[in-house]
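Read the figures in this text as sums done on the coordinates, not as results from a lab. Bear in mind that the values here come from a model prediction, so they are computed numbers and not experimental data. Neighbour counts run over all protein chains shown; Cβ positions are idealised from the backbone, glycine included.
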Amino acid sequence: MIVPVLSGRDFTEQEMWETGGVVLINESMRQQLWPNEDPLGKRIRHGADEKFRTIIGVVGDVRQRGLEAEAYPQIYTPYAEYQHTTMSLAMRTKGDPKAMLGAARKEIAALDPLLAPYHIFTLEEAVARTLVGRRLATWLLALFACAALLLAAVGIYGVMSYSVSQRTREIGVRMALGAQAGDVLKLVLGQGFRLIGLGLVVGCVAAISLAQLMRAMFFGVSATDPVIFVGVALLLIVVALLACWIPARRAAKVDPMIALRTD
């Protein structure tokens, strides 16, 4: 299972089949019972037999109850210590694990013909089952986020375009007084960029604050992914600049006399 041994050692082959009174504990148990000392060699008692067992190693935490649930203190014992009537067999393979099912069934039947393996699945499938609800919620959230981004882009374009078109008379006056088309474009884009910058600052602060509320929905990734933030910001900047540039360019080509007559 590639669970790391953080300190001490793993069970030996002989210990796996003997009731020698040795156990492993996970990191959560170490932090809970021995936060400031080495637990190796200490003795611990658990179970109904009241028997003390020696700790020989500390292993990494495993999220037994799903990716969303935090790890909890655990003790690992040799198979001979606790032989449950229902147990799971984990098999690590090279390549496609499902291609090994036939060989695994044959080997199990050779050991005990009465054993009937059932509920066979890969670790990827086990993890996927725990994430079904979260994946659906994430896809729905992504869908609504894309719709919100599209509406924001359309809204920004409409507002900026309308704002520039309302300045057609002003642009005509400037051009009648000698302003060139490049000067008009530079003026409009400069004023638009200041509004864009202010909106981005306010939007990023609000987005980062709201993202902290969604932190519990993520596992192994950051709620404030810089790539997403930068990508969305660049998209809105491009949309806003186009919304300023297109009507400003159109107005700069209009004859100043016609622009001056515009109400």
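Just tell me which lysines come within less than 20 Å, Cα to Cα, of K98; anything on the same chain fewer than 8 places away is out.
Result set, ordered by chain and number: K106.
In a GNM of the chain with a 10 Å cut-off on Cα contacts, which of H84, H46, H119 has the highest mean-square fluctuation?
Result: H119 has the largest fluctuation of those listed.
Separation of segment 1-56 and segment 176-204 by C-alpha centroid, Å?
Here the answer is 68 Å between Cα centres.
Sticking with the crude label model, points 7 Å out along Cα→Cβ, report the distance from H84 to Q31 in nm, one decimal please.
The answer from the label model is 2.4 nm.
Under 10 Å, Cα contacts only: if you run a Gaussian network model on the chain, which one of A116, A211, A126 comes out with the highest mean-square fluctuation?
So, out of A116, A211, A126, the one fluctuating most is A116.
Considering the Cα trace of segment 131-260, what is its radius of gyration and what is Dmax, both in angstroms?
Considering segment 131-260 through its Cα atoms, Rg and Dmax are 19.8, 66 Å.
In square nanometres, what is one fourth of the surface area of the convex hull spanned by the alpha carbons of segment 5-87?
Working: hull surface 24.5 nm².
Mean projected area for segment 5-87: 6.1 nm², to one decimal.
Quickly estimate the mean residue ellipticity at 222 nm for the chain, helices only: each DSSP H run with n ≥ 4 gives -39500 (n - 2.57), and the total goes over all residues, rounded to 500. Each step should come with its number before you reach the end.
Values: 9 runs with 138 residues, N = 263.
So the calculated ellipticity at 222 nm is -17500 deg cm²/dmol.
Want the number for T93 to M1: 0.36 nm per residue separation, take away the alpha-carbon distance, what's left? Walk me through the numbers before you get to the answer.
Details: separation 92, 0.36 × 92 = 33.12 nm, distance 1.11 nm.
Value of the extension gain: 32.0 nm.
For segment 14-104, run through the GluC sites (Glu not before Pro) and keep only the ones in DSSP coil with at most 11 other Cβ atoms within 10 Å of their Cβ. Please report the intermediate quantities before stating the final value.
Working: sites: E15, E18, E27, E37, E50, E68, E70, E81; in loops: E18, E37, E50, E68, E70, E81.
Filter output for segment 14-104: E37, E50, E70.
With a cut-off of 8 Å between alpha carbons and a minimum separation of six or more residues, what is the relative contact order of the chain in percent? Working shown, then result.
Values: 241 pairs, mean separation 49.4, N = 263.
Worked out over the chain, it gives 19 percent.
Out of A233, A243, A99, any idea which swings most in a Gaussian network model of the chain, alpha carbons joined below 10 Å?
Evaluated over the chain, the most mobile residue of the options is A99.
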